[in-house]
Each structure stands twice: as C-alpha cells, then as structure tokens.
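Chemist: Could you have a look at this structure, given as structure tokens, before my questions?
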Amino acid sequence: MTSRIISIVSGKGGVGKTVTTINLGLALHQLGENVTIVDADTTVANLGLQMGIYSFPATLQDVLRGTENINKAIYTHPLGLKIIPSSISLDSINADLSKLKHVLNDLDGLVLLDSPPGLSTDALSVLNASDEVIIVSTPELQTMANALKVARVALSMEKLVLGIIINRYSNEKYEMNPTEIMTMCDAPILSKIPEDINVKRSLFEKTPIISHTPFSPSSIEFQKLACDLTGQKYKPPKNILLKKFVARIKTMMG
C-alpha cells in the first residue's frame, strides 16, 4: 500500500498537538483526502477523549502486541474521520512503539501521527515511523527552544521537516515573532493558529473546532493549512465576512 505518513510533534506537552492533529485531519478529510489519524502517544492517550469516544474494542496497543490487525483498530467518527486510538488503560502504557513503522505499512492514504512530546524513546520511534514532520509550538522562547531540538533530531534522522505550526498566536510583544522563529528553527512557518476561545469550548463539547465553529479564526487557519499540504487553493466560503462576524458575535455571547 502507498501512504504518506506525517508525524505531528512538539518539544513539550500542552502546546496543542492533539488539537492540531484532529482538526488538520478533519480538514483534510473534508477536502476529500483519504486520511487516518493515529494516537501514537500511548502513555498519555487522549485523542479519543477529545473526540468524545471513550471505549474501543481494539487499539493501537493491540496492534503493536500483534493481537489485532491494524485495520480492525480503525474507527470512523460520525464526522467521517478515520481514527486509530490508543487505550487509556494503565495496563497499556508500555506499548512497544519500535514496531510502529512496521504496522503502519498496512495503511494507505495520508496518515497523521499524534506523537508523544519531546525526545523520549517513544517519540523517536514515532519520528522513525514517519516520512515527514510537522512541529507544533507556542510562540514563547522556551517552547521554541524545545521545538528546535526536535527539528534538529528529525533532520538528523533524514526526515523532511515540512515546517512549524505556531499555535495560540496572538501577536503580542512578549511572543517571538515569525521571522525570529523561522531564523531560530531554520524551517518555514506553515500556519499561525490564533488564540481562540472557541477551541476551549470545542474541547469541552468534544467536537473538533472546524466542525464546532467552522468560521472562527482558528478553523479557517486549519482549513488553509490542509489546502497547502495537498496543493489545493483555499476558497473562502461565500459571505465569509458576514459569517466571521456572526461567529465573533457568538463568541462574545459565550
């Protein structure tokens, strides 16, 4: 089978890597791409939780143990996105991710791996299993310094670093600006996902932001990013300014 495997990585936890994986995956699906998202953070698995799914008969850990075929662990979310979850059970946190590259051979299409943060053994196994890498970071210096380490390791492993997603960007003076980030990491900025209260609301309602509030600033950036990754031209919806205005009013009303 032919697949394109992209790992979504970060230098530290809490930067929005899982949110990015879910919403980028759904945006790609909405463009007609054959996409599967994989929760490869088997120690702190929360991709399924963020999508409102708590129990799975088969998980990535079962596949890694060899007790299930990977196709048996694929679930289709009501929104149409295909998911391979990891178990949240304490009994499953010691999965052997060194086998990940091998088990992914049975997938086709576009595969997004939600990686553990940092440069642990598990995170390195996810990098090894991928063809390309996207780094997610917030625009603070300390977080970007950790992201730089991941970028350098990925390059040393001869992986194609597609670029950086700056998450929770608000263009404040205490944040690193895009030019500083590109110079520091020697990688292009793929997207600047703005700080958006709707993301917190979508997490609370366990619905991806691009479905929960499709015309919010962050949703539009995820949709643009999906187009860029697939070589498609982003086409703003009709009456986009009016829809943005309505979305902003709903945000202000809570």
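The values are calculated or read from the model by the stated rules, or taken from the named source; none is laboratory data. Since the structure is predicted, the reported quantities are computational estimates derived from the model, not experimental observations. Note that we place each Cβ from the backbone using ideal geometry, even for glycine, and neighbour counts take in every protein chain shown.
Chemist: In region 186-212, how many residues are of a type outside the set (Gly, Ala, Ser) and either in a helix (DSSP H, G or I) or at pLDDT below 90 (or both)?
Modeler: 11
Chemist: Residue 167 is checked against (1) under 25 Å from residue 81 (Cβ atoms); (2) touching a helix residue (DSSP H, G or I) at 6+ places or on another chain (Cβ under 9 Å); (3) modelled with pLDDT under 95; (4) not aromatic (Phe, Trp, Tyr) and fails just one. What number does that condition carry?
Modeler: Residue 167 satisfies every listed condition except (3).
Chemist: Then there's this: Could you list all residues from region 20-55 that are of a type in the set (Val, Ile, Thr) and crowded, with 22+ Cβ neighbours inside 10 Å?
Modeler: Listed by number, the residues that qualify are 20, 21, 22, 35, 36, 37, 38, 42.
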